[in-house]
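The values are calculated or read from the model by the stated rules, or taken from the named source; none is laboratory data. These numbers come from a predicted model, not from an experiment. We place every Cβ from the backbone using ideal geometry, glycine too, and count neighbours over all the protein chains shown. Each accessible area value is taken on the protein alone, full model and side chains, heavy atoms only, with ligands, DNA and RNA left out. Shrake-Rupley method; radii C 1.70, N 1.55, O 1.52, S 1.80 Å.
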Amino acid sequence: MSEVGKIEVSLILDGADLFERDVKRASKSLGTISLDLYKYGGSRRTAGAHTKSFLAKMRDYTIVFGGVHNAIQMATDAITSIPRSIVQTNAMIERNKVLLAGLEKGVSSYAEAQSRAGEEMKNVLSISNGMPYSIEAILDAYTKLRVGGIEGTTESIKGLLDTAAKSSATSEQLKHASVALQQMAGKGVISLEELRGQLGEAIPDAMNIMARAVGMDMQTMVKLISTGSLEAKSALSRFLHEMKMENDGAAYA
């Protein structure tokens with residue numbers, strides 16, 4: 001007999017009825033415990049499955065709502081950027097209009113100066129249509145030419161834009177070119193530093209165009225410029241006119 005059998009006999013001698021009842025009660029308790037453990041195990045499995053399902057759904061919701069949030073943000077940015085850009089452009093136009101009004105001569109009132117400046121803005125904006133440059137860059141260049149006192153600015157700006165476009169100059173290079181023109185106009189003489197430097201970045205052929213404009217060979221012109229003897233106002237007007245004649249319409253090509 002096994003060790004388990006021996007123990008059973010020993011216990012019977014101490015009281016079979018009590019033992020049998022105890023065993024039966026113990027067996028029932030064990031069965032209950034086993035069932036409870038099974039149910040617990042099932043509950044854990046169910047809870048685990050539900051937890052995994054919940055986390056998976058939360059992950060999906062996060063991805064979906066994250067995508068929705070990004071989509072909404074992109075749509076909001078797209079919608080708000082349009083009026084913001086319009087407001088910024090209008091503000092820029094108004095600032096230039098005020099500046100140009102202050103440059104008007106031969107007017108009897110500020111209202112008349114504003115009216116003339118408004119017409120100038122219309123002409124410049126008309127020129128900018130189809131140009132490969134931002135309105136800001138074009139207005140900036142135009143205003144700098146006007147501040148420099150260059151005659152026929154509306155026509156002159158066309159020559160500058162066409163030639164810069166032919167040279168594949170960027171809006172930033174166009175701004176540098178207009179700064180160079182304004183600086184030379186302010187100095188009163190043509191400078192090799194501006195002509196070869198800032199202006200030359202946007203228009204590499206600037207030196208040759210200037211020579212043709214003033215009717216000189218390169219050597220004579222450089223000598224005249226180096227001595228500070230080439231007057232700017234007349235030379236720049238002829239320079240801009242020459243660019244318009246040579247490259248008219250190049251910006252639209």
> Which GluC sites (Glu not before Pro) does the stretch 131-171 hold that lie in a coil by DSSP with at most 14 other beta carbons within 10 Å?
Replying inline: Glu151
>> For the pairs Lys144/Lys175; Lys122/Lys187; Lys97/Lys144; Lys187/Lys244; Lys105/Lys175, flag any whose C-alpha to C-alpha distance is greater than 19 Å.
In response: Lys122/Lys187; Lys187/Lys244; Lys105/Lys175
>> For a quick check of understanding: with a 1.4 angstrom probe and all protein chains in place, what accessible area in square angstrom does Arg212 have, to the nearest ten?
In response: 110 Å²
>> Show me, bin by bin at 5 Å from 0, the whole-percent P(r) of the stretch 102-204 based on Cα pairs.
In response: 2, 13, 23, 24, 18, 11, 6, 3, 0
> Heavy-atom accessible area per residue, the stretch 82-201, 1.4 Å probe: how many Å²?
Replying inline: 48 Å²
> To one decimal place, what orientation-averaged projected area in nm² is obtained for the convex hull of the Cα set of the stretch 165-238?
Replying inline: 4.3 nm²
> Over the stretch 165-229, what is the relative contact order in whole percent, taking alpha-carbon pairs under 8 Å and six or more residues apart?
Replying inline: 34 percent
> Excluding ligands and nucleic acids, what accessible area in Å² is computed for Tyr142 using a 1.4 Å probe, to the nearest 10?
Replying inline: 0 Å²
> What percent do you get for the relative contact order of the stretch 127-253 when only Cα pairs under 8 Å and 6+ apart count?
Replying inline: 35 percent
